[in-house]
Ligand SMILES: [Zn+2]
């Protein structure tokens with residue numbers, strides 16, 4: 001195995017394309033029947049009916065709101081919406097598919113899926129969107145061992161998910177760097193969150209398959225990746241694997257590979273199906289659905305504020321920097337948190353800084369990205385602030401205390417480390433001032449440093465005046481509003497004075 005260094009992806013002809021599946025969690029019911037849209041926390045096979053189980057004699061009835069949501073996603077990604085859409089049967093035999101076919105969309109005979117030919121800019125780059133289609137999710141296979149493990153001696157099937165509405169976003173193979181893929185996926189997540197069509201924090205609601213080829217070689221598809229971070233890792237691994245193979249003149253096979261999360265490798269799962277293997281044919285039980293210009297413009301009017309629009313508003317209205325606004329809107333939860341805090345106390349710059357530069361240090365990096373593991377236990381929504389007892393009221397009060405000069409920023413930082421653990425208001429912590437004694441040498445050193453800069457003449461006298469150290473101590477205490485630990489401070493001052501000679 002060749003280990004790759006970071007940034008070692010500059011290999012000619014890397015082509016990465018993505019297929020992103022987003023569940024339309026905002027709906028009431030499944031795509032073609034009236035079973036619940038939210039299948040989490042229900043007894044296995046307790047959310048099924050003859051339609052989603054594909055029993056003979058049943059007819060699918062298309063969910064109108066699902067079409068609207070898919071239309072919104074398409075518009076947000078700059079896709080063209082055709083005048084009419086149809087559904088196709090994609091035939092394959094697998095236990096998670098009760099009907100032996102999946103109802104999906106297909107571009108053929110001059111009819112396209114609900115969105116075609118879009119694009120999304122991320123940073124300085126743009127990726128083209130080939131198509132967006134509306135389809136149904138299959139059921140869930142639960143392996144005896146818990147994870148995805150083909151060595152399990154038995155497998156359980158839960159059809160509660162079968163028939164849930166999915167929007168599939170298919171990109172052109174425009175990515176050349178796995179790092180860009182992660183940025184792009186986060187961007188898509190923020191968009192569907194802002195549209196309100198998908199709660200990306202809900203487990204299994206966003207899933208991503210990636211296909212990759214290098215130097216015009218065969219395309220390998222990577223499936224079953226547990227998070228966006230893992231997508232990046234899996235792609236890096238695949239680049240290294242394919243690169244090594246081509247160095248040794250071994251042909252890369254067109255195949256589907258699973259990402260082994262524990263071993264951090266991809267492994268072959270099956271030879272890749274060709275399109276003809278699916279025997280697509282039009283679904284005879286759903287007539288062609290006419291959309292048209294009027295329909296599209298009515299959807300356009302209903303569209304909520306998109307991330308880029310929100311960012312522009314943050315810059316114009318709150319006078320935040322481009323960077324800070326971007327960080328906030330990249331995660332809807334964060335942007336919402338900010339706006340709630342600003343409603344409580346209108347000090348947008350101070351509050352935004354606290355959220356972006358301080359609070360984010362305590363959030364779990366893994367949680368800022370959607371969990372896309374569909375195999376593990378459902379019914380867990382992960383929040384950006386999971387494990388932290390923080391709400392907008394506390395950050396707003398922190399800003400108030402700073403603005404009124406009751407505390408300085410260093411003290412506020414210490415208060416923050418406590419309130420995220422206890423859930424108290426900053427003022428409550430402040431009432432117990434002794435708790436606030438600053439014992440952190442780095443923070444005290446900063447204060448000592450600025451006193452030394454301000455008191456140059458006193459320091460020049462230091463050799464002749466034994467009281468200078470105490471004088472400086474007084475200044476540091478004043479600066480830290482009496483909270484610096486005097487013993488540590490005096491030691492730091494003495495060491496620094498000694499060092500001057
Ligand atoms: Zn049903």
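When DSSP beta bridges are limited to those with both residues in segment 17-299, what percentage is antiparallel, rounded to the nearest 5?
Details: 49 of 53 bridges.
Counting only bridges with both partners in segment 17-299, antiparallel ones make up about 90 percent.
Obtain the radius of gyration and the Kirkwood radius of the chain from its C-alpha atoms and give Rg over Rh. Before the final figure, lay out the partial values.
Working: Rg = 28.4 Å, Rh = 26.2 Å.
Rg divided by Rh gives 1.08.
Size descriptors for segment 1-134, from the alpha-carbon set: Rg then Dmax equal 18.8, 58 Å. Ranked by how many other Cβ atoms sit within 10 Å of their own Cβ, fewest first, the residues 29, 297, 190 fall in the order 297, 29, 190. Listed peptides 323-336, 202-215 appear in the order 202-215, 323-336 once ranked by packing, highest mean of other Cβ atoms within 10 Å at the front.
When peptides 13-21, 192-200 are sorted by average Cβ neighbour count within 10 Å, with the highest value leading, the order is 192-200, 13-21.
Relative to the longest principal Cα axis of the chain, at what angle does helix 292-302 sit, 0 to 90 degrees, rounded to 10? Result, in degrees: 20.
Assuming a viscosity of 0.692 mPa s and a temperature of 37 °C, what translational diffusion coefficient in µm² per second does Stokes-Einstein assign to segment 137-223, Rh being the Kirkwood radius over Cα pairs? Walk me through the numbers on the way to the answer.
Values: Rh = 15.7 Å.
Rounded to a whole number, D works out at 209 µm²/s.
Taking the chain as the reference, fit the longest principal axis to its C-alpha atoms, fit the long axis of helix 392-403 to the helix C-alpha atoms, and give the angle between the two in degrees, 0 to 90, nearest 10. The helix 392-403 is inclined about 30 degrees to the chain. If one computes the Cα centroid of segment 8-58 and of segment 160-216, what distance in Å separates the two points? Taking the Cα centre of each part, segment 8-58 and segment 160-216 sit 13 Å apart.
May I ask you to work out the translational diffusion coefficient for segment 186-237 at 20 °C, viscosity 1.002 mPa s, via Stokes-Einstein with Rh from the Kirkwood sum over Cα pairs, reported in whole µm²/s? Mind dumping the intermediate values first?
On the way: Rh = 12.5 Å.
Reported coefficient: 171 µm²/s.
For segment 389-449, pairs of C-alpha atoms spaced more than 16 angstrom apart make up 41 percent of the total.
May I ask you to derive the relative contact order of the chain, considering only C-alpha pairs under 8 Å and at least 6 residues apart, and to give it as an integer percent? Walk me through the intermediate numbers first.
Working: 893 pairs, mean separation 76.4, N = 501.
Relative contact order of the chain: 15 percent.
The Rg/Rh ratio for segment 17-299, using Cα coordinates for both the radius of gyration and the Kirkwood hydrodynamic radius, is 0.95. The long axis of helix 178-195 is offset from the longest Cα principal axis of the chain by roughly 80 degrees.
Ranked by how many other Cβ atoms sit within 10 Å of their own Cβ, fewest first, the residues 101, 338 fall in the order 101, 338.
What whole-number volume per residue, in cubic angstrom, does the convex hull of the C-alpha atoms of segment 441-500 give? Don't skip to the answer; put the middle values down first.
On the way: hull volume 4.1 nm³, N = 60.
That works out to 68 Å³ per residue.
What list do you get for 158, 498 if you sort them by fewest beta carbons within 10 Å?
Values: 158 20, 498 9.
Starting with the residue having the fewest Cβ neighbours, the order is 498, 158.
All of the numbers you see were taken from the coordinates with simple rules; none came from a lab. Since we're looking at a predicted model, the values are computed, not measured. Every residue, glycine as well, gets a Cβ built from its backbone with ideal geometry; the counts of neighbours run over all protein chains shown.
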